[in-house]
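Just below is one structure, and these are the notes that go with it.
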Amino acid sequence: MAAEAGTAVVDSLILLLSVFLIASAVGTFVAKVGRFPYTIALLLAGLGVSIVVAVYDVGVIEQLFARELQLSHDLILLVLLPALLFEGAATTDLERFRRNLVPILTLAVPGLLISVTLLGFVGTYAFDYTLLVSLLFASMVLPTDPVSVLALFEELGAPDRLSVLVEGESLINDGVGVVVFSTLLALLHDGASPSVLLEPGRAAEVAAELAVVSLGGLVVGLVAGYAVYSVMVNLDEQMTEIVLTIVLAYGSFVLAEHYLHVSGVIATVAAGLFIGNQGAEYAMSPRTKVSVFNTWETAAFLVNTFIFVAIGVRTPIPRLVENWQLIVAGIVLVILARAAIVYPLTALLNLRGHKTVPRSYQHVMVWGGLHASIPIALVLGLQTEAPPGVPTAELKAMVFGVAAFSLIVQGLTMGRLLSRLGIVTRTDAEELYELLVGRARAVDAALDAADRLHASGEIPSDVLEDFEAEYGREKSDLDEAIATLLQNNPELRHEQVLMGERRVLQREKGAIMDAMRSGVVSSEIGERLIEESDLKLDRIRSGESTVHKRDEGYTESWRQRAAEFGLSTDVAVEPDDRPGAED
């Protein structure tokens, strides 16, 4: 018994080493070729292994990958997915997410429900399935997973807003898709007739259940996030804080999904958004922040490596060939269903005067709606959970086929689409600014290192002077170049001012909260100061800076209070409606 267990552990270790050996080879290839999405290259490598196993009788490869590499529903949903969701949410800028919340929620919730309905009804004719089975297929395949596109966005320097729209929709519609899938599967188990969905009472009951499960997941994630934040805010131990974030990512998922029976996906996303923004700003030191985010970046990289190799290896090539007509129909209908919600809903939002979503962005959002982890996890779970009569083998082939097409064809053509649409990915001025700022930081680090080496007696004073002279000249030239560049590009300068001002104001709020916790200022005064900082942040969100070089861009309330006591201030103040101002 012990010997068998030991052999199983060795086999698993050999399997993991083989997967990461493939990943290393793929990484080397991508580094040489350049501008080739790493995740798609992994998928292609895995598909290559799957084709070899299907066509040739290579015993070692078949034993190692086809039999040992098991990609199960629980493995994806319980082990791999929380890490990806948490890392994606934690690295999402909450401010940008909030500014684009209306289009994100519109596409992720009603948009997904509408597209599932459309594909479900059309699928009854195209696939010759019952309505419930067709809707089940739609709920599995339509949730998006744009990890490959986002990596390409980052490489090409795509606009931040486009990245937020694509990633934000994915984070939310993953959770909604899982809830819809579970609801439809329960109806199938109950033997419900498709007509039950058309009954107002039953439809309202299903809608209420979706709302409770989704909002419940949101509450669980926020409460769990705040609980971990409360511990981290009084802690400065980076390794312990890393462990706490791991507990939060998986704990919020398990608590929501398996104990409270609400959406674990939404809970993990909410927890990640909270700890990645509020926690990173107020509960982590700079060193801890770097360690935490580096840890999660590495975890997401390893998880993606395993998932994409495994999807490629476990893709049932013979079954895909056998069901190629259904797969082609599925691919076309999935893209049409995606287009049927993106274009009309964004057009309605644009008519309402909300911050418009350009047509070029809409094209990218349609073509960039890739389908991978969530659809694969759901269809694998269907194999063991589906009631009799559900064509699980066909559904598995269709989901894998759609996923392979979206990842390979849509993913590889995304760069060309961005170029043809003329989407400004990065202006020459922005690229030069990044180059100058990056080099300026390197020079600052070099000067600091030289000072430390001199202080520790590792370099003499005359060598330090040489370093300071050389790097000092370069620093001066860089500062002059950056100033000239910003002066010649007002839009770039304005954006950098707003970005810097936002970060400075977050530091202001952090200092005020520290003062409140330590008793330096009372809660009443502290809340008034925080409210004033929030007013400044609101101005920044609307694109208005509160920092002016020659005059006061924002008159703080303390100046008025000081003037009432006869204290002199440099800025003339008038009564207003800011916090603390008297009517």
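The values are calculated or read from the model by the stated rules, or taken from the named source; none is laboratory data. Values in this document were obtained by computation on a predicted structure and should not be read as measured data. Neighbour counts are summed over all protein chains in view; Cβ atoms, including those assigned to glycine, are modelled from backbone coordinates with ideal geometry. Note: areas computed on protein heavy atoms with side chains; ligands, DNA, RNA excluded. Shrake-Rupley method; radii C 1.70, N 1.55, O 1.52, S 1.80 Å.
Given the criteria touching a Gly at 6+ places or on another chain (Cβ under 9 Å), open to solvent by 60 Å² or more (accessible area, probe 1.4 Å) and not hydroxyl-bearing (S, T, Y), does L136 qualify?
no
Determine the pairs where a residue that is over 18 Å from L101 (Cβ atoms) and open to solvent by 20 Å² or more (accessible area, probe 1.4 Å), located within segment 261-290, has a partner that is outside any helix (DSSP H, G or I) and not hydroxyl-bearing (S, T, Y) with Cβ atoms under 8 Å apart, the partner being 6 or more residues away or on another chain.
Y282/V233; S285/D236
Report the residue count in segment 90-128 for those that are of a type in the set (V, I, T), touching a residue at least 40 places away in the same chain (Cβ under 8 Å) and part of a helix (DSSP H, G or I).
Selection size over segment 90-128: 6.
If the requirement is being open to solvent by less than 40 Å² (accessible area, probe 1.4 Å) and modelled with pLDDT of 85 or more, which of these qualifies: A386, A397?
Exactly one residue qualifies, and that residue is A397.
Does M499 count as out of contact with any Cys (no Cβ under 9 Å at 6 or more places or on another chain), within 21 Å of R161 (Cα to Cα) and part of a helix (DSSP H, G or I)?
Yes.
Can L370 be described as in contact (Cβ under 8 Å) with a residue 60 or more places away in the chain and open to solvent by less than 60 Å² (accessible area, probe 1.4 Å)?
In short, yes.
Going residue by residue through segment 444-452, is there one that turns out to be within 31 Å of the chain's Cα centre (by Cα) and not assigned by the TED database to the domain that holds W324?
Within segment 444-452 (the criterion being within 31 Å of the chain's Cα centre (by Cα) and not assigned by the TED database to the domain that holds W324), the answer is yes, since at least one residue qualifies.
Conditions: (1) within 18 Å of V166 (Cβ to Cβ); (2) surrounded by fewer than 24 Cβ atoms within 10 Å (Cβ to Cβ); (3) at pLDDT 90 or above. D93 meets all but one. Number of the miss?
Among (1) within 18 Å of V166 (Cβ to Cβ); (2) surrounded by fewer than 24 Cβ atoms within 10 Å (Cβ to Cβ); (3) at pLDDT 90 or above, the lone unmet condition for D93 is (3).
Scan G438, G457 and give me the residue that is assigned to a loop (DSSP other than H, G, I, E, B) and farther than 30 Å from V334 by Cβ.
Exactly one residue qualifies, and that residue is G457.
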